[in-house]
1. How large is the convex hull of the Cα atoms of the chain per residue, expressed in Å³ as a whole number?
2. Determine, at each q value in 0.21, 0.26 (inverse angstroms), the log₁₀ of I(q)/I(0) that the Debye formula gives when each Cα of segment 177-256 is one equal point scatterer.
3. So how do Val292, Val128 line up by other beta-carbon neighbours within 10 Å, fewest first?
4. How large are Rg and Dmax for segment 282-330 when calculated on the C-alpha trace, in angstrom?
5. When N is the residue count of segment 244-303, what does its C-alpha Rg come to as a fraction of 2.2 N^0.38 Å?
6. Go through segment 103-108 residue by residue and turn each phi into a ³J(HN,Hα) via Karplus (6.51, -1.76, 1.60, θ = phi - 60°); whole Hz please, and just put x for glycine and proline.
7. Quick one: if you stick a label point 7 Å off each Cα along the C-beta vector at Glu275 and Cys228, how many nm between them?
8. Kindly work out what percent of the DSSP beta bridges joining two residues of the chain are antiparallel, to the nearest 5.
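Readers should treat all values here as calculations from the given coordinates under stated rules, not as data from a laboratory. Not measured: the values here are computed from a predicted model. In this analysis, Cβ positions are derived from the backbone assuming ideal geometry, glycine residues included, and neighbour counts consider all displayed protein chains.
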Amino acid sequence: MNPIINKAQKIYSENFSKNCYFERAIFLSWYCSKGDCKFCYMSTQKNKIKEPKLAKRRNSSILAEVLLCKLCSWNIEFLSGGYESFSIDELIGLIKDIRLIVNQDIWLNMGVFKKKELNQLKPHIKGVTGAVETTNKKIHKKVCPSKHIYEIEKMFELCDSLNLEKSITIIIGLGETISDFDLLKKFIKKHNISRITFYALNPHKNTPFKKGPDSSYYAEWIARTRICFPDLEIIAGSWHNRLDEISLLLIAGANSITKFKAIKLFNTMYSKKIEQIVKRSKREFKSNLSSVPEFNLEKELSFFNKDKKLEIKKKFLKYLNQMKKNGKNK
Ligand code: SF4
């Protein structure tokens with residue numbers, strides 16, 4: 001095995017437990033005021049939704065998914081949505097409802113916030129995620145023409161004055177090489193980043209990208225990050241067509257995994273494969289991707305009024321039925 005991966009494995013085991021979780025990004029909206037990042041699905045939509053209100057997911061559907069996360073022990077990685085897709089008041093209302101269901105710190109990955117907005121959000125969130133994607137500025141300019149890194153950096157400086165934590169997302173496979181790792185290292189140090197989510201590029205139809213990165217190259221980014229930052233929380237994304245790499249990503253020092261379509265592929269050969277791979281990697285998988293959870297809906301939703309409870313229940317049971325059906329089909 002690559003000696004860098006071996007070294008990262010050792011550093012991981014000296015600093016963390018064996019626990020491994022599935023991290024679920026809760027998607028809030030199909031709107032993004034930027035909409036032109038070259039790798040992003042949003043950039044392929046000719047008839048983009050121009051009005052944020054029309055693109056919003058219903059709160060009842062979001063809250064039903066949050067309840068599923070709680071019952072299946074999926075961590076909420078962050079609330080995710082395009083730039084300017086939610087007003088601050090709407091976000092705060094939603095976060096308050098989420099925290100009635102699940103007692104978990106909330107991160108936001110919803111673009112760049114101004115100082116006044118961060119001040120309003122501060123009592124309700126742990127931190128914000130900057131969707132940096134790549135720290136190679138030349139590539140960044142090309143692939144994210146309207147999403148400027150300096151705006152994210154400015155937000156991070158504001159976070160420092162407010163004591164909010166900062167995390168970033170990085171996509172591997174956008175054209176960078178491993179010699180760009182120093183740029184990432186400097187960025188993490190400069191902004192005192194406490195969590196990083198890596199993704200292997202998943203090429204969408206009608207984008208200029210045709211191929212994701214090799215798993216060993218992807219894992220090397222994670223391993224180098226683990227070696228330089230022993231305490232950093234690292235989350236690694238893997239798509240269902242790349243699941244074999246999960247073992248390597250965990251050995252390279254990732255704490256947890258994300259990006260799996262956990263509802264659509266619940267209790268399928270894919271979810272079972274993840275559980276087996278994590279076990280084989282000598283880690284303990286604490287999340288449930290295969291057994292329909294037990295629950296008491298009345299109790300779980302007791303904080304909500306009758307109408308809201310009914311709406312959430314309906315959505316929850318719809319998700320649950322889909323998860324049960326998967327088990328019968330596969
Ligand atoms: S800012 Fe985010 S959601 Fe908007 S186009 Fe870029 S990657 Fe997609």
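1. Working: hull volume 45.3 nm³, N = 330.
Cα convex hull per residue, to the nearest whole number: 137 Å³.
2. -0.97, -1.29
3. Working: Val292 16, Val128 27.
Least to most surrounded, the residues fall as Val292, Val128.
4. 14.0, 46
5. 1.35
6. Using θ = phi - 60°, the values come out as 8, 9, 5, 10, 10, 10 Hz.
7. A separation of 3.7 nm, rounded to one decimal place.
8. Beta bridges within the chain, antiparallel portion: roughly 5 percent.
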